[in-house]
Structure formats: C-alpha cells, structure tokens
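For reference, the structure is listed below as structure tokens.
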Amino acid sequence: MNSLDIARRHAFAQEIAREAGGIARRYFHSGDRIQATEKGAHDLVTQADLEIDRFLIERLRQAFPEDGILTEESGGSAAPNLWVIDPIDGTTNFARRIPHFAVSIAFHAEGRTESGVVYNPVLDEMFVARRGFGATCNGQPIRVRPTRGVTDALIDAGYSSKRPLADYVALVGRLLESDFAFVQNGSAAIGLAQVACGRIDGYCELFLHSWDVLAGLLLVEEAGGWVSDFTARDGLLQGNAVLAGTPAIREPLQGVLPIAIAAGALPR
Ligand code: LIP
C-alpha cells in the first residue's frame, strides 16, 4: 500500500477514535449505572463497548469498503489490509468509572502495523504513531524513558483469567525477584502508551488479543522502545503473550518473560 493511502487511513483513524471516545465519555459522565455483562471471569462487555464497536465498523465500511475489519466484540478474519479494533480497552475500569481505558485502533497492512491510535477520552489523551514517522501524544513527540536500571523501573504486569493464575503469580514473582516494581492497571493499550510516553518502563502480559495491543506496540516502537514479536505463530488471530520496554531493561525483562523480540523493533 502506498504512503498516501496509509496517510489517509492514519488521519481517519484519529478522527473516528475521537468521535468514538465521545460516545464513551457520554456513558462515563452519565449518572446512570453502567450495565456490564460477564463474558468470563473479570472479562466484561458493556452497552458502550457494543455501541462503539458498531459505530467504528460502520464508519470504516463507508470510508474504506475494501479493507478488512477485526474487532473484540464482532470478531473478523485476516485480510491484507486490516483494521484491528478494541472499542473500549480496559472495560472493567470503564464500568467502574476509573478513567484508565481507551479506544484502540490499529491499521495492519501486508503483515505489519502501519498506524496506531490509542485515545483516552476522559483524560483527552490522543496517542498516535505511524510507522517510520514517530509517536506523539496530543501532537507532542513522545519518547520512552531513559531508565537507569531495574531498580529504577516500573512495569505494568497485566492479568487476565485467560492463563492459569499460577503462571501469573510466577511472572510477578520473577519481576520482584529481579528487583522490578510493578503495577496492574487493567488496560494493555494504555499501559503500552504509558511506556511510549515515558511514564512507565515496561509492559508484560501472558496472553492478549491483537485488538488489545497492536496500536500500543507501534507506539512503543516509534517512541524508541522494543517490543515482542506479537504476530508470530498467528498471534494476529489467535492472540499471544506480550512484552515491551525501554532499551536499558531489555535483557532483565526478557529474563522475566522469555519470548521473542520483533526483529525490526530493537531500539535505534
Ligand atoms: C483488557 C486488557 C488488559 C487485561 C484485561 C482485559 P479489555 O482488555 O487490556 O490488559 O489485563 O484482562 O483483557 O477486555 O478491557 O478490552
């Protein structure tokens, strides 16, 4: 796909992310209780997730009918030019009115992510990355943190019931034994955006879907960090473990979760 076609999609992704964020903000600030349905343990879906999912699919079908679409709530299949979308990443936070969730939109063309947008509508933070063009937050360039070492590093270690609890407890144990500090904030998209803008130093989770992470992983790469090879072994459709961080902690963090690093993602 040529650069102009990617640029059109990149601009459109920001436009519809902001509109979709407006829908989430309406629910978030309404006085009503946010109704949530359990898809599994600690795995929720709300009316807002479904409304935003429909809204984004409709807008994309009108603008780029030739492209494929894969979303958390509607699913989808692989396509050479594919939109990968999480209408609300961090639904548990959203349902509890914790302002730590985002609309996540990635455009994946010919096997690699070319555009990533992560929008937190309550904090009005628009994180944007285009491959080869760097990463920004609300238009300002962002870079990963110049971490001094593990004892200076804060990692967001995401948890979901999609992997055995014992594996997560062991992961956290290895983090602490390696002298990392950790948090578990409940949104992979925001966690990766926070690595990209230097608020935290790394992100790890044993299993996630592509809609949770593709946009965030491009943010980290374009902000000078490194990321795991998420789409290896059909991760695009089957999901995968994820790891990302700043240059200074690559080896110790890889020691904690030894998964393959994306070839082109080693820091510049
Ligand atoms: C969430 C992820 C988070 C994970 C949660 C959940 P959702 O995505 O962003 O990292 O720990 O279990 O999967 O379901 O809110 O889109």
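Details
- Selection within the stretch 41-54 - at pLDDT below 95 and open to solvent by less than 20 Å² (accessible area, probe 1.4 Å): none
- Hits in the stretch 208-241 - residues which are among the aliphatic types (A, V, I, L, M), outside any loop (DSSP other than H, G, I, E, B) and under 16 Å from residue 129 (Cβ atoms): 213, 214, 215, 217, 218, 219, 220, 227
- Residue ID - nearest to the chain's Cα centre (by Cα), chosen from residues in the stretch 5-44 that are among the hydrophobic types (A, V, I, L, M, F, W, C), within 16 Å of the ligand (Cβ to nearest atom) and in a helix (DSSP H, G or I): 17
- Qualifying positions in the stretch 170-207 - surrounded by fewer than 24 Cβ atoms within 10 Å (Cβ to Cβ) and assigned to a strand (DSSP E or B): 181, 182, 183, 206, 207
- Among the residues of the stretch 233-268, just one is polar (S, T, N, Q), over 20 Å from residue 86 (Cα atoms) and open to solvent by 30 Å² or more (accessible area, probe 1.4 Å), namely 254.
- Test: residue in the stretch 132-145 that is closer than 29 Å to residue 38 by Cβ, in contact (Cβ under 8 Å) with a residue 24 or more places away in the chain and part of a strand (DSSP E or B): no
- Of all positions in the stretch 55-67, none carries a residue that is farther than 28 Å from residue 5 by Cβ, buried (at least 20 other Cβ atoms within 10 Å of the Cβ) and in contact with a strand residue (DSSP E or B) (Cβ under 6 Å, 6 or more places away or on another chain).
- Scan the stretch 84-99 for residues that are within 13 Å of the ligand (Cβ to nearest atom), assigned to a loop (DSSP other than H, G, I, E, B) and surrounded by fewer than 20 Cβ atoms within 10 Å (Cβ to Cβ) and the total you get is 2.
- Flag for residue 37 being open to solvent by 40 Å² or more (accessible area, probe 1.4 Å), farther than 17 Å from residue 239 by Cβ and touching a residue at least 12 places away in the same chain (Cβ under 8 Å): no
- Condition check for residue 122: outside any helix (DSSP H, G or I) and open to solvent by less than 20 Å² (accessible area, probe 1.4 Å): no
- Some residue of the stretch 147-156 being surrounded by fewer than 24 Cβ atoms within 10 Å (Cβ to Cβ) and either among the basic types (Lys, Arg) or closer than 30 Å to residue 35 by Cα (or both): yes
- Residue check: residue 230 meets all listed conditions (1) open to solvent by less than 30 Å² (accessible area, probe 1.4 Å); (2) more than 14 Å from the ligand (Cβ to nearest atom) but one, namely (2).
Conditions (1) away from the ligand (no atom under 16 Å from the Cβ); (2) of a type outside the set (S, T, N, Q); (3) over 19 Å from residue 23 (Cβ atoms); (4) in a helix (DSSP H, G or I), marked per residue:
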site	(1), (2), (3), (4)
78	yes, yes, yes, no
82	yes, yes, yes, no
103	no, yes, no, no
115	yes, no, yes, no
126	yes, yes, no, no
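- Residue among 73, 66 that is within 14 Å of the ligand (Cβ to nearest atom) and assigned to a loop (DSSP other than H, G, I, E, B): 73
- Residue selected from the stretch 214-227 under the condition of a type in the set (Gly, Ala, Ser) and farther than 11 Å from residue 188 by Cβ, by the criterion surrounded by the most Cβ atoms within 10 Å (Cβ to Cβ): 225
- Meets criteria (under 20 Å from residue 201 (Cβ atoms), exposed (fewer than 13 other Cβ atoms within 10 Å of the Cβ) and of a type outside the set (Asp, Glu)) for residue 164: no
- Per the conditions (1) open to solvent by 20 Å² or more (accessible area, probe 1.4 Å); (2) farther than 28 Å from residue 14 by Cβ; (3) in contact (Cβ under 8 Å) with a residue 60 or more places away in the chain, the sole criterion not satisfied by residue 211 is (2).
The values are calculated or read from the model by the stated rules, or taken from the named source; none is laboratory data. It should be emphasised that the depicted structure is a prediction, and the values quoted were computed from it without experimental measurement. Using ideal geometry, Cβ is built from the backbone for each residue, glycine included, and neighbour counts are taken over all protein chains shown. Accessible surface is based on the protein model in full, side chains and every heavy atom, while ligands, DNA and RNA are left aside. Shrake-Rupley method; radii C 1.70, N 1.55, O 1.52, S 1.80 Å.
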